[in-house]
Protein chains: 6
Amino acid sequence: MTHASDMTWEDFRASTGRVAILPVGSCEQHGPHLPLSTDTVIAASIAEAVARDIDGIALPALAYGYRSAPYSGGGSLFPGTIDLSFGALTAAIADIVGELIADGFRCILVLNAHYENQGAIVDALGSLPPTEGLKVLASSWWDPVPGDVLHSLFDSGRFPGWELEHAALTETSLMMHLAPHLVREELIPGDSGFAAPAYLRFPLAEGDIPAHGALAPSAAATAEKGRLLFEASVSEIAAICAREFAG
Amino acid sequence: MTHASDMTWEDFRASTGRVAILPVGSCEQHGPHLPLSTDTVIAASIAEAVARDIDGIALPALAYGYRSAPYSGGGSLFPGTIDLSFGALTAAIADIVGELIADGFRCILVLNAHYENQGAIVDALGSLPPTEGLKVLASSWWDPVPGDVLHSLFDSGRFPGWELEHAALTETSLMMHLAPHLVREELIPGDSGFAAPAYLRFPLAEGDIPAHGALAPSAAATAEKGRLLFEASVSEIAAICAREFAG
Amino acid sequence: MTHASDMTWEDFRASTGRVAILPVGSCEQHGPHLPLSTDTVIAASIAEAVARDIDGIALPALAYGYRSAPYSGGGSLFPGTIDLSFGALTAAIADIVGELIADGFRCILVLNAHYENQGAIVDALGSLPPTEGLKVLASSWWDPVPGDVLHSLFDSGRFPGWELEHAALTETSLMMHLAPHLVREELIPGDSGFAAPAYLRFPLAEGDIPAHGALAPSAAATAEKGRLLFEASVSEIAAICAREFAG
Amino acid sequence: MTHASDMTWEDFRASTGRVAILPVGSCEQHGPHLPLSTDTVIAASIAEAVARDIDGIALPALAYGYRSAPYSGGGSLFPGTIDLSFGALTAAIADIVGELIADGFRCILVLNAHYENQGAIVDALGSLPPTEGLKVLASSWWDPVPGDVLHSLFDSGRFPGWELEHAALTETSLMMHLAPHLVREELIPGDSGFAAPAYLRFPLAEGDIPAHGALAPSAAATAEKGRLLFEASVSEIAAICAREFAG
Amino acid sequence: MTHASDMTWEDFRASTGRVAILPVGSCEQHGPHLPLSTDTVIAASIAEAVARDIDGIALPALAYGYRSAPYSGGGSLFPGTIDLSFGALTAAIADIVGELIADGFRCILVLNAHYENQGAIVDALGSLPPTEGLKVLASSWWDPVPGDVLHSLFDSGRFPGWELEHAALTETSLMMHLAPHLVREELIPGDSGFAAPAYLRFPLAEGDIPAHGALAPSAAATAEKGRLLFEASVSEIAAICAREFAG
Amino acid sequence: MTHASDMTWEDFRASTGRVAILPVGSCEQHGPHLPLSTDTVIAASIAEAVARDIDGIALPALAYGYRSAPYSGGGSLFPGTIDLSFGALTAAIADIVGELIADGFRCILVLNAHYENQGAIVDALGSLPPTEGLKVLASSWWDPVPGDVLHSLFDSGRFPGWELEHAALTETSLMMHLAPHLVREELIPGDSGFAAPAYLRFPLAEGDIPAHGALAPSAAATAEKGRLLFEASVSEIAAICAREFAG
């Protein structure tokens, strides 16, 4: 069984020697064409696929993430961006990982799909008390994507950096592959030419963020690119797990 | 559209006049025969059905709940019971409801399916700052089930109280109706004759809780009883919403 | 000596092998006829009597409790209901019990008399670090009252459940027995016929709670019933202590 | 009525124009001859007497205080010294004073009798949100004692400063006046000649504190001196209230 | 006057119409050749220069920062890396900025020099209550450095990204320009060839980080490059302030 | 090397057997004639001199302190008084001392120069987990100043107590010795005759504090007195360290 959700507690107890994968998503605006669940769908899908590859188990995803930042998610003022405070997310991750350890797991992967969650994950995991034999990994799905795969997706365009790849080519392609019924292709916005300024401004002013919420272009997105990206991420992360959790 | 998950942020913005429903579940042992996701499945299913009935919207469920207590959930030592601390859950609920209010919602229902969550929900909602026109309701799915419906389910048996109805007749019936593929009927335990003592003991001792984790009998559970219970809960909660959120 | 308050620190040091009892009360409206200290008087009185029975020691009572809830205490808007936040009460209990443990106590009973305190007590005690030989019990005074004693008090009336027994027959009887000078018998309200709805509403509306603050009838209260209830609670709790703390 | 404890909520509601006095004590070692409740007895007694003088109301005392410091209370390692953390005490005071304000009180006195509580009281009151017409005072019972009264008590001896007046002449005299049955006169220690060093040491070493816990001499204590001190403190504090809360 | 440190409170009061700049540094290992104060020196120097340019005032620098991360600072296990927790740094920044606002400042710049501080700064500033006319900017010194300046520094080498520019070419050059007496040029390490893996590992293993603590090469650092970088950063940030705080 | 700031991490690692000194100052109004950095300058100067005397190391000073109190610092409403909350300062000190311990230091001195910081320092250090061989001292610079030195400074005047020695004779003298360019001698105020009342008032009223912010006279301050005081404090603290940290 791959999903902890489907297990009885006795199944779960029998799985404590396997790798436990905690997907962390968000409920966040993703432009005019992608659903609020984009990050959660991606995190849960990759977690599930990695779990299948390495005979690990996927935990229920966290469906709310840390506060969206202006130049990586559009900021928290967009309706539909339903954010947790840093302390709430950090406590949740620390609680969950702590319970996994108490139940006997020693190989844990926190798999992230929301840019802003990274700091909270590092904070939670960096505060774990030392435990004999414990190994916890944290990766965002994009971290191990090989450069050549990435650049092949952008054709003649330029990869704008992961911070700006919000509701843009990579996420749109992934959703076209993973959940095409949730993508409104007809609403994919044109290139807003947005370039993030070199500083943050509080409060945000009108026009600081493209009105539609996408931070980089996605017109060149395709389901096939999504498949390539998904498979690259899954196989890299599975390989990392195999290597790190061996022995 | 019923699910916030499926919406773009513009859909969501267009929905702020509707009732927003936040389902709160858990990841908790539910005896030898029910999955860890039992509370989350029930919360999400009832939230979705109520949302359809009243044209509300269902938010992503919280899939982890507050610390399982010995005599209402078996306690936090069962493997698979992955609990949040009080502060983590309270902060998450307060953050999410606060974001809904900031986005313009004025009619919000927190729908709970995990006994121990009740205090955290009350704490979070009782601390909301006053907002013109805001009405927030909180209900556990069992709260409004009419007594006659409830008692009809128990045939000759005795309803043991909601506290002990953990992994017992009502939850088992609901899961047989909602997610029969996740119920291991062959593992439904016999009646352990468990009666909760009149006090709590820290730490728990061997034998304080039935070893299989179910606190009351479930042998008489059926999918048909689950359907009756589900429909009773949904229609009562929908009626409450209709009445309370009118005008 | 029974009361820690009266001891010097050397007396206290000599008592660390005894059972320490921490009474937890509240400062809360109790209808038109009972004083704000009702819960504290009851908690302290039962703690003292149990301490005498089992040669334990009674600590100073906590005279403020966790936030009164609408359908178990009338809610925090009644003047005279002076509530602590969850964190404040939890921290206080954890601090006090932690100090008792550090001083050498291994047998500790937290004795509660305010419905809403239960969650905070469970939270505080459930977070104690493991200590060799430590046993901590938690009980509300009503938990171990035998059903036959309870039902004998209600004559032809119906026991409305402990949640609603606020400023009602049992508390009124107990106060008539324990502190008759603080009971305004002439102000005992008639039956308001209040029945709690199946959900919570934030904010409360006019009329959600009986205006006088009592949630169930108390006209049939007598000092003699108070004595019976008091003695039943004390002897049951003393028996629990004897059994649990033996050896 | 002077004591909030004895009031019904309707009495309390009728009192919101009066001065509310919150006594803050401790559960702390007070040498071989004074009880753990020394600070609480003094705080509650002075609060009650001031309340009578100015027609104010006395709230239930906080019977646990902030962590005893080595050179003002002997430190937290003495058995019987049962301390709250800073956050727990600060939150409790802020919660209680906040509830008083919400109930309509505008004249509030926090009356302290435990040296270490001073910082927590200042922190709690210094964080109150501004409220039209609100005036909150904080005083320790010793703050307004006139110098001549104080020095008259010390005969030929030297006043060691309030920090060291722990379980010493003033507290012993007060307790001989207020609660003589709780004073073990035969155990009053001789002068240990203790002088606090000019720095704090963590952890404390053997001998840093007089073994009996009293930080300054009390052999010259008498009930009559206690009466003088009590009356001086009460009349000064009553005068402060009269002056500050006038108009 | 440029430095708040040197002002009396009356000078400060007369400056509330100017731009206040809060430099945030760290106490962190910076390889074998740079001092622990590297980030603080850089933050304070740039803050001072910008303040001079725009007639702003520079506040005392925060000399401790948020927890060093393995692949942007070497991690918290290096001796000399003295880190604050997220909550401590966030609270400090929120407190300080809140006090500036209360004192009347409406133009505030938080100027950062430690990679890991970025999240804490965003969290603190993102939680500020709305204030009429308030504008707060946050920038790390490297954010506005023009690409052509940056790339001109790397000669034939490759810019490794700011995350890895720890104790590397840019910081070394800046310190050779700003505080040459604190740079041990003879200890500048050779290129370790370090490349950060695509995931984080808890706990770190031997060899995850170059033993000397520098994450990228610095052999090509010169004081002249430091001067160019410093002047580029200062003039860009001054220009941002001029533009944003105008009017 | 005396300053941790100037060390590389390898220097620091080589110093873990030495005494680490953490100076704690403030950013606070100090009358019309002293700079906001007064406490920080004094704390850092004494820390440095003690470090030289005992071959210890001085850490970067904390340049912001806990909330100024009315009758020991003038209160937090003076512009330029930029305060931390209790929790922020306590967390910072606990974090820093905890990191020093983790790095191997066993002899640590927290050296304070801001009256209100004392409680936060005690709170932070009193919560340290026990560590084999660890000794932490806390002293304010004035604590060990011998009485005869102190009284010699006041000529015919009266020492008003350390609480009121704010921006007064001792601090003014110290600053004339340590940083004469930061003292505006021409602005030294006359004697305001201020005497603190015997209680605290929230909120403060106009006139509760001398308008210039100095709480006691400083007209008799001289650089020579500053030198005497500085040397007395340094030599006493050095002697304490030598004695306490020996062996």
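The values are calculated or read from the model by the stated rules, or taken from the named source; none is laboratory data. As the structure is a prediction and not an experimental result, all values here were calculated from the model. Here Cβ is always computed from backbone atoms with ideal geometry, including for glycine, and neighbour counts include all displayed protein chains. In case anyone asks, the SASA skips ligands and DNA or RNA and just uses the protein heavy atoms, side chains included. Shrake-Rupley method; radii C 1.70, N 1.55, O 1.52, S 1.80 Å.
Below is a table of values for the structure above.
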{"read-out": "Solvent exposure ordering (accessible area, 1.4 Å, most first) of A:ARG13, F:ARG243, F:ARG227", "value": "F:ARG243, A:ARG13, F:ARG227"}
{"read-out": "Interchain or long-range residues, amide H under 5 Å from A:LEU109's placed H", "value": "A:ALA20, A:ILE21, A:LEU22, A:LEU137"}
{"read-out": "Size of chain C as Cα extents on the principal axes (Å, biggest first)", "value": "51, 38, 29"}
{"read-out": "Tensor-based shape of the range E:158-247 (alpha-carbon gyration tensor, a/c under 1.5 rounded, otherwise prolate or oblate)", "value": "oblate"}
{"read-out": "Relative packing of E:126-132, A:174-180, which averages over residues the other C-beta atoms within 10 Å, highest first", "value": "A:174-180, E:126-132"}
{"read-out": "Cβ charges +1 (Lys, Arg) and -1 (Asp, Glu), total dipole of the protein assembly as shown, debye", "value": "0 debye"}
{"read-out": "Other protein chain Cβ atoms within 10 Å, averaged over every residue that makes up F:122-132", "value": "4"}
{"read-out": "Two-site FRET efficiency, A:VAL149 against E:SER192, from Cβ-Cβ distance with R₀ of 41 Å, rounded to 0.05", "value": "0.95"}
{"read-out": "Anisotropy class of the range C:10-120 from Cα gyration tensor, a/c 1.5 cut", "value": "prolate"}
{"read-out": "Rounded if a/c under 1.5, otherwise prolate or oblate - the range A:24-83, Cα gyration tensor axes", "value": "prolate"}
{"read-out": "Label-point separation, F:HIS181 to C:SER235 (7 Å along Cα→Cβ), nm", "value": "8.7 nm"}
{"read-out": "In the D-C interface, the accessible area buried, summed over both sides, Å² (probe 1.4 Å)", "value": "3600 Å²"}
{"read-out": "Average Cα contact separation per residue, the range E:4-244, under 8 Å, 6 or more apart, as relative contact order %", "value": "25 percent"}
{"read-out": "Members of the range F:23-66 that become less accessible by 50 Å² or more once partner protein chains are added (1.4 angstrom probe, chain alone as reference)", "value": "F:LEU36, F:PRO60, F:TYR64"}
{"read-out": "Reduction of at least 30 Å² in accessible surface, 1.4 Å probe, comparing all protein chains with the chain by itself, residues of the range D:4-21", "value": "D:SER5, D:ASP6, D:THR8, D:TRP9, D:GLU10, D:PHE12"}
{"read-out": "Under 5 Å, built H, 5+ apart or other chain: amide partners of D:CYS27", "value": "D:GLY65, D:ILE82"}
{"read-out": "Carbon + sulfur, % of accessible area of the range E:198-247 - ligands and nucleic acids excluded, 1.4 Å", "value": "62 percent"}
{"read-out": "Point-to-point label distance, C:GLU206-A:ARG243, nm (Cα→Cβ direction, 7 Å offset)", "value": "7.1 nm"}
{"read-out": "Accessible carbon and sulfur surface of the range C:106-153 relative to its total accessible area, %, 1.4 Å", "value": "55 percent"}
{"read-out": "Kyte-Doolittle mean at least 0.5, axial Cα span of 20 Å or more - DSSP H helices of chain F", "value": "F:38-54, F:86-103"}
{"read-out": "Solvent-accessible area lost in complex, 30 Å² minimum, residues of the range D:181-230 relative to chain alone, 1.4 Å", "value": "D:LEU182, D:ARG184, D:ALA198, D:TYR199, D:LEU200, D:ARG201, D:PHE202"}
{"read-out": "Positive-end extreme of charge dipole, the range E:4-244 - chosen from E:SER5, E:ALA196, E:ILE21 (charges on Cβ)", "value": "E:ALA196"}
{"read-out": "Stokes-Einstein D (µm²/s) once Rh is taken as the Kirkwood radius of the protein assembly as shown over alpha-carbon pairs, at 4 °C in 1.567 mPa s", "value": "38 µm²/s"}
{"read-out": "Probe 1.4 Å, protein heavy atoms only - accessible area per residue of chain E in square angstrom", "value": "33 Å²"}
{"read-out": "Computed label-point distance, nm, for sites F:ARG227 and C:TRP162 using a 7 Å Cα→Cβ extension", "value": "7.6 nm"}
